[in-house]
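I have placed the structure first, in the form of C-alpha cells, so that the comments after it can refer back to it.
The values are calculated or read from the model by the stated rules, or taken from the named source; none is laboratory data. In this text, all values refer to a predicted model and were calculated from it rather than measured experimentally. Here the Cβ positions follow ideal geometry from the backbone for every residue, glycine too, while neighbour counts run over all protein chains shown. Accessible surface areas use protein heavy atoms only, side chains included; no ligands, DNA or RNA. Shrake-Rupley method; radii C 1.70, N 1.55, O 1.52, S 1.80 Å.
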Amino acid sequence: MPLRERLKRTMLRVGYVTGGDPTANTLRVEMISGNIKEYRYDHLVVALGSVSRVLPIPGLTEHAIGFKTIAEATALRNRIVRHFELAEGLDDKDQRAAYLSFVFVGGGYAGLEGIAELADFARDALKRYPRCRETGTRFTLIDAADRIMPEIQPQLADFTKTVLGKRGVEFRLNTTVKEVRDDAVVLSDGDTLIARTVVWTAGVRASPVAERLGLALDNGRIICDSTMRVEGYDNVWALGDIAAVPDAARPGFPCPPTAQHAIRQGKLLGKNIVAVMEGKAPKPFTFKTLGAFADLGRHTAVANLMGLRVKGFIAWAICRFYHLAWLPGADSKSRLIADWSVEILFPRDLAEMGQLGHPPALGDTGPAAPLPEARPVAALQPPAGQSPTD
Ligand SMILES: Cc1cc2nc3c(=O)[nH]c(=O)nc-3n(C[C@H](O)[C@H](O)[C@H](O)COP(=O)(O)OP(=O)(O)OC[C@H]3O[C@@H](n4cnc5c(N)ncnc54)[C@H](O)[C@@H]3O)c2cc1C
C-alpha cells in the first residue's frame, strides 16, 4: 500500500529508526540518503512490528529463508522457478530431487498457508518441466508440537492436515530441527531430509529496535497500559506486534500479534492522543478476537468465526471477501478482484522475476549475473541506504 496515496494529511519521511531518547523526546532516524537525523516529538507512536523469531540452530540463518515480508514471499516464488530450471537441466535424479524438495518449519497459519500455496504453485509449474515431473516434488512441514495450528479447534486442524495430506504434503510433528545444511535438514529423530529450500515460519518476535528506544519491555514487547500508553511516559504510545497491550479477552496476557488487533489499536490510539491533547481521558482497548482463517488454496479454507467452525469452499469465500473488505481504497480492491479473476480464467504466471531491482550492467551482453539469494531470516537490518519498506 503506497503510504503517500493513503496518508494525504501526513508529513511522510522515509527512514530507518535506529534509536531514541524518550526522556528528551528525541528519535534517531537513518534517512534514505544515509544521513542520520534527530527528530523531536510531542507524542511518539511506536509501531515497528515484528521480525522472524530465530533459534540458535546450526546453519539456520545461513541456509533457511523467512516468510514474513513480501520480499521473502517473492524470493521464495522466484526460487521455486529457478530450482525447477536447475533441476530440469540435471541428469542425476538425486540431485534433481534435492532442488524439488521443500521443507517448512512451523505449523502455524503462516507455515500452513505458505506450504499450501507453494505446493499448488509447484503443481502448476510441473506441467512445463517434463524431467521434474518425472522426479516429482516433495513438501514437508515440521513442528515441535503434536498438532498444527494451536489457535483453532482440533477438528479444523485435522481437516487441514487431511486436505494437505491428500495433496502430498508430509507432516513431521513432535519433531524439531537440529541442523540446516545447504542441501538437507537434520531432524531431532535422527532423520535427514534432503532439501535445498528450508522456510522458517516458527513464530515472530517484537522488532529488536524496541531495545534501542530505552522503553520497558516484556518478552521483547513494549510494556503499555490498556490505553496503549507506554509505561513511565505520558507522550509515548505503542501498538501492534511490538506492543504488549493487555488483552481484554485474556486477563494477564498481551494481545496476540495479529493485524486484527493492530488495525483496531491504531484507530483507538489516534483518538486517545486527541483526547489527551484536549485534556480528556484516553479509552482502554477492549477488542476480542472475532476468529481466524487459514486459506489452503484451491478454493478451500478453514475458519473459526466467533467459535463457529467453517471449512471448505464457504470458509474460503468468506476468507477472500473479508480480506477484500479490509483492503483500503476502491482502486486497490478493483486491482485485487481483477487479479483473482485472471487467476481463475488463465494458468499461473511462471515468470522468474529474480532480476527485478538487480538489472544487468548497461551494455552488458554476457550471461546474466547470478541472482542474489533470498534474504536470510537473521537479516533484520536493511542494507545501508535502503529503507525498510524497499
Ligand atoms: C505470513 C503472514 C500472514 C499473516 N496473516 C494474518 C492474517 O491473516 N490475519 C491477521 O490478523 N494477521 C496476520 N498476520 C499478522 C499481521 O501481519 C501482523 O500482526 C500485523 O502486520 C502487525 O502490524 P504492525 O503495524 O504491528 O506491524 P507491521 O505491519 O509489520 O508494520 C511495521 C512497519 O514498520 C516498518 N519498520 C520496521 N522497522 C523499522 C525501523 N527501524 N524504522 C522504520 N520503519 C520500520 C516496517 O517496514 C513496516 O512497514 C500475518 C503475518 C504473516 C507474517
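The figures follow:
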| item | result |
| --- | --- |
| Of all accessible heavy-atom area on region 38-87, the percent that carbon and sulfur account for (1.4 Å) | 57 |
| Accessible area, probe 1.4 Å, largest first, for residues K8, K311 | K8, K311 |
| Helix-only mean residue ellipticity at 222 nm for the chain, each DSSP H run of n ≥ 4 adding -39500 (n - 2.57), per residue, nearest 500 | -9500 deg cm²/dmol |
| Potential extension, Y322-D183 segment - 0.36 nm per residue separation minus Cα distance | 46.1 nm |
| Chymotrypsin sites (Phe, Trp or Tyr not before Pro) restricted to region 1-82 and DSSP loop, no more than 15 other C-beta within 10 Å | Y41 |
| Heavy-atom accessible area per residue - region 269-359, 1.4 Å, Å² | 64 |
| Calculated FRET efficiency for the pair I32/A144, C-beta based, R₀ 41 Å, to 0.05 | 0.55 |
| Surface share of carbon and sulfur [accessible, 1.4 angstrom probe, percent] for region 129-267 | 50 |
| Cut-off 12 Å between beta-carbons: net charge of the residues surrounding F104, Lys and Arg +1, Asp and Glu -1 | -2 |
| Test item: Cα-centred dipole of the chain, Lys/Arg +1 and Asp/Glu -1 on Cβ, debye | 1180 |
| Diffusion constant of the chain at 4 °C, which comes from Stokes-Einstein with the Kirkwood Cα-pair radius and 1.567 mPa s, µm²/s | 56 |
| Filter on K311/K333; K8/K280; K8/K283; K37/K288; K93/K311 - keep pairs with C-alpha separation over 32 Å | K37/K288; K93/K311 |
| Efficiency of FRET between A275 and E134 - r from beta-carbon atoms, R0 41 angstrom, step 0.05 | 0.05 |
| Cα shape, region 165-322, gyration tensor, a/c 1.5 rule | oblate |
| Selected from G34, M1, N304, residue furthest toward positive end of dipole (the chain; charges at beta carbon) | N304 |
| Charge dipole (debye, nearest 20) of region 187-336; +1 at Cβ of Lys and Arg, -1 at Cβ of Asp and Glu | 620 |
| Shape call, region 290-337: gyration tensor on alpha carbons, a/c limit 1.5 | oblate |
| On Cα atoms only, tilt of 259-277 relative to the major axis of the chain in degrees | 20 |
| Principal-axis tilt of helix 109-126 within the chain, Cα atoms, nearest 10 degrees | 30 |
| Phi-based couplings in Hz for region 40-50 (Karplus 6.51, -1.76, 1.60; Gly and Pro marked x) | 9, 9, 8, 10, 10, 10, 9, 9, 8, x, 9 |
| Leading residue at positive end of dipole, region 132-192 (Cβ point charges), from P150, T137, T175 | T137 |
| Probe 1.4 Å, accessible area per residue of region 119-261, Å² | 44 |
